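Step one of this worksheet: look at the structure below.
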Amino acid sequence: MMMIPCNDKADSSRHPLYFWSFSSWNLVLILVIPLFLFSLLVSTFVIPQPSTLSPLSSPWTWRFGAPHISNGSSTDSSFMVAETHKHAANMSFSDALINKDMDNNVTSTTTRVAKRNSKLEKLEANMAKVRSSIKEAARVRNLTSVHQDPDYVPHGPIYRNANAFHRSYLEMEKLFKIYVYREGELPMFHNGPCRSIYSSEGRFIHELEKGTFYTTQDPDEALVYFLPFSVAMLVRYLYDPESRKTDAIGRIVVDYVDLISGRYPYWNRSLGADHFMLSCHDWSIRVLCNANTSEGFNPAKDASFPEINLTGEVDAILGGLSPSRRSILAFFAGHLHGYIRYLLLNEWRDKHDPDVQVYDQLPKGVSYMSKLQNSRFCLCPSGYEVASPRIVEAIYAECVPVLISDSYVPPFSDVLNWKWFSVQVAVRDIPNIKNILMGISQKRYLRLQRRVKQVQRHFVVNPTPKRYDVFHMINHSIWLRRLNIQIQDFRLS
């Protein structure tokens, strides 16, 4: 199968739908398609799950556990559950790991005589050892990992537990295998946009298609299975803007899952729990930019990944002025999308405050990136969706991101402790933004800014992925969610 290279040519097909207005295209991707796909997938494919896979009791809870999933045979429960609250981290990631009883929720639903899949059994035996090693690593309270690494040793409060993350990352590099289903034809499958607000989708898909990292040609070796379609490409080629019908998108997704579930045993074996899809805009493991808990995002099985608007090489936009030379307190520029931006623009756009500079459109000749790189704090309000590419833009510019959103789970929150390198402002406090930011001491600001520079490595898109960069961090998020489940394939003897 031919793969389209990740460049502008892959994004600029002369398909008739390519001539939509930018705003129409975004509205479809943001508002219509995610809800349709989500409801379609849930109603069509989600088989009632064992009780151990029940929804989270709190939308801000992240569970790190291993419920067993079996093919009509038995279910067991998590080996451990770590719960962390987004705003109040009363119990740390490591505390929750250590305090959780590993054997407290085991059930059995059958007593049939069964023959096990030996390859899967070996994979699960290895995963059990990994879970044990991560749990042991989580007992280390140091801010710096004790593991050796020639490239980078995680350290500091930006990590929920530096040692546990490092151990997990090293184990991932040794064991994590992804099988990319080969079915599906270009341009809607095995392809995605690489230079746009949806570039996170395309870059990840194209990197997996190269087969350099984590992928395997033997599906029996895989720990997870990738459904290689891009929501952005499905919309581009299948959505009819005149009738606004999404039927064609629904049919192709249903047919694809029907095809791979009939051709391979893996979907039916796990009820799709070890399969994942990727979408910058809203079933297996979902890796989403739009990590909105109010719209069904479940941190136990779904992963939040950063929305990155790539228009050129990343190296050219990394960095900024030193803290002492940044003259703008807070900056935002963006169009009116959603009620949070409406509140922000309505409150600050016409004040012409030199400290809090808010624009719906920058004056002619003013550079957006230079504004970011000259600001101490960068405002990152949600638009129609909770996610915003401004978060990563702020991190690239070494500007402390100010998150203004409802129900948003920031990228890599299972590993990163965002309160140590960002500021969170409640929507109701938008009128008080200046007072809130002015109230942050110079000492605290310098610490925040220094940690932004440190965490930057985890969000950088490299032409060829480098250890700990955004490509590997996305894979680590998927890896963690695979650790959350244990699959048993029983076959009647």
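The values are calculated or read from the model by the stated rules, or taken from the named source; none is laboratory data. All of these numbers come straight from a predicted model, not from anything done at the bench. Glycine gets a Cβ as well: all are built from the backbone with ideal geometry, and neighbour counts include every protein chain shown.
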Could you tell me which residue of region 403-415 is surrounded by the most Cβ atoms within 10 Å (Cβ to Cβ), considering only residues that are of a type in the set (S, T, N, Q) and on the phi < 0 side of the Ramachandran plot?
SER405
Residue within region 306-327 that is in contact with a strand residue (DSSP E or B) (Cβ under 6 Å, 6 or more places away or on another chain), at pLDDT 95 or above and under 30 Å from LYS453 (Cβ atoms) present:
yes
Picking from ASP406, ASP414, ASP489, the residue that is more than 23 Å from LEU345 (Cβ to Cβ), modelled with pLDDT under 95, not polar (S, T, N, Q) and not assigned by TED's automatic domain parsing to the domain that holds GLY272 would be ASP414
Quick one: count up the residues across region 109-167 that are at pLDDT below 95, of a type in the set (Gly, Ala, Ser) and not in a helix (DSSP H, G or I).
1
If you take the residues in region 338-383 that are assigned to a loop (DSSP other than H, G, I, E, B) and under 31 Å from the mean Cα position of the chain (by Cα), which one is nearest to ARG444 (Cα to Cα)?
ASN374
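Residue-by-condition table, conditions (1) buried (at least 24 other Cβ atoms within 10 Å of the Cβ); (2) under 25 Å from ARG325 (Cα atoms):
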{"residue": "ARG390", "(1), (2)": "yes, yes"}
{"residue": "ALA397", "(1), (2)": "yes, yes"}
{"residue": "PRO401", "(1), (2)": "yes, yes"}
{"residue": "ASN417", "(1), (2)": "no, no"}
{"residue": "VAL423", "(1), (2)": "no, yes"}
{"residue": "PRO431", "(1), (2)": "no, no"}
{"residue": "SER441", "(1), (2)": "no, yes"}
{"residue": "ARG447", "(1), (2)": "no, yes"}
{"residue": "LYS453", "(1), (2)": "no, yes"}
Does LEU186 satisfy the condition of being outside any helix (DSSP H, G or I), in contact with a Leu (Cβ under 9 Å, 6 or more places away or on another chain) and not acidic (Asp, Glu)?
no
Within region 370-388, identify whether any single residue is more than 22 Å from GLY320 (Cβ to Cβ) and of a type in the set (Lys, Arg), and answer yes or no.
no
It is to be established whether one or more residues within region 463-472 are within 30 Å of SER118 (Cα to Cα) and not aromatic (Phe, Trp, Tyr).
yes
Report yes if some residue within region 475-493 is among the small types (Gly, Ala, Ser), closer than 27 Å to LEU343 by Cα and assigned to a loop (DSSP other than H, G, I, E, B); otherwise report no.
no
Are there any pairs, at least 6 apart or on different chains, whose C-beta atoms fall under 8 Å, with the first in region 300-313 and under 30 Å from GLN486 (Cα atoms) and outside any loop (DSSP other than H, G, I, E, B) and the second polar (S, T, N, Q) and at pLDDT 70 or above, and if so, which?
ALA303/SER477; SER304/SER413; SER304/SER477
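Residues checked against (1) of a type in the set (A, V, I, L, M, F, W, C); (2) outside the structural domain of ILE485 (by TED's automatic domain parsing); (3) touching an Asp or Glu at 6+ places or on another chain (Cβ under 6 Å); (4) over 30 Å from TYR384 (Cα atoms):
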{"residue": "THR215", "(1), (2), (3), (4)": "no, no, no, yes"}
{"residue": "ASP218", "(1), (2), (3), (4)": "no, no, no, yes"}
{"residue": "LEU223", "(1), (2), (3), (4)": "yes, no, no, yes"}
{"residue": "LEU227", "(1), (2), (3), (4)": "yes, no, no, no"}
{"residue": "VAL235", "(1), (2), (3), (4)": "yes, no, no, no"}
{"residue": "ARG263", "(1), (2), (3), (4)": "no, no, no, yes"}
{"residue": "ARG269", "(1), (2), (3), (4)": "no, no, yes, yes"}
{"residue": "GLY272", "(1), (2), (3), (4)": "no, no, no, no"}
{"residue": "PHE276", "(1), (2), (3), (4)": "yes, no, no, no"}
Filter region 450-493 for residues that are of a type in the set (D, E, K, R) and over 20 Å from ASP220 (Cα atoms); which is farthest from the chain's Cα centre (by Cα)?
ARG450
Return the only residue of LYS351, LYS364 being under 21 Å from LEU437 (Cβ atoms), basic (Lys, Arg) and surrounded by fewer than 20 Cβ atoms within 10 Å (Cβ to Cβ).
LYS351
